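All remarks here apply to the structure that follows.
What follows is calculated from the coordinates using simple rules that are stated; it is not laboratory data. Bear in mind the structure is a predicted one, so any value in this text is a computation, not a measurement. Cβ sites come from the backbone with ideal geometry, for glycine too, and all protein chains shown count toward neighbours.
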Amino acid sequence: MKLRSMAAAIFVAIAWPALAQPIDGRGGRFEDDLISNMEGRWSVTRQIRGTTVHNELNASWALAHQFLQVHMKDTQVPARYEALVLIGYVYSSQEYVAHWTDSFGAKFSAVGRGKRTGNMIEFRFEYPDGPFFNTFTWDPLSKTWQLRMESQASDGKRSLFAVDTLQRL
């Protein structure tokens, strides 16, 4: 009897960490101490090609808490830009995924993948004319986000496209 109890205790000690790991797919839940900071309403100031534009951003959990749904919209009436983005996480490959759709249409919709480094995730989106990077950086002191968007030429050189600064409303 003691041997059976000891074997059961060893099994639980070995198996428990594996059972407690987050899972991909149905029944899984995307819990993230970085991305969860984006939940809520934000004012967005975008610096793009020498001009400043303003957007609003609303982010909330969607699809059984598998994704953070980000809805960004230009404050102009009518809006000149609008985007719906779903940000999730693939536990098996330890990478973030961003499904980016916007008012430029289906031709330019894309899936970006990225790894976390500290308070930053660099998403890489593949396009026919080269990769596009959108780097999300959280500043815990000011409680703001910065989204830095860059294209990359065939020689590897990056060019700044835009920078978004998010401040909570």
Item to check | Computed E for D129/R29 - FRET, C-beta separation, R0 35 angstrom, nearest 0.05 | outcome: 0.40
Checklist entry - Rounded to the nearest 0.05, what FRET efficiency is calculated for M120 and V53 with R0 set to 30 Å and r the Cβ-Cβ distance? => result 0.80
Checklist outcome for this item: Note on the stretch 30-169: alpha-carbon gyration tensor, axes a ≥ b ≥ c; rule is a/c under 1.5 for rounded, else prolate if a/b larger than b/c, else oblate; result rounded
Checklist entry - Given 0.36 nm per residue, what is the gain on full extension from K157 to S103 after removing their alpha carbon distance, in nm? => result 16.7 nm
Checklist outcome for this item: The helix 2-20 Cα axis meets the longest alpha-carbon principal axis of the chain at an angle in degrees, between 0 and 90 and rounded to 10, of 0
Checklist entry - Once the Cβ-Cβ distance between E95 and L169 is put in as r, and R0 is 45 Å, what FRET efficiency do you end up with, to the nearest 0.05? => result 0.90
Checklist entry - Among all lysine pairs in the chain that are eight or more places apart or on different chains, how many have alpha carbons less than 23 angstrom apart? => result 4
Checklist outcome for this item: Computed ³J(HN,Hα) along the stretch 151-164: with the Karplus parameters 6.51/-1.76/1.60, θ = phi - 60°, integer Hz and x for glycine or proline, the list is 9, 10, 6, 4, 7, x, 6, 9, 10, 5, 9, 6, 10, 9
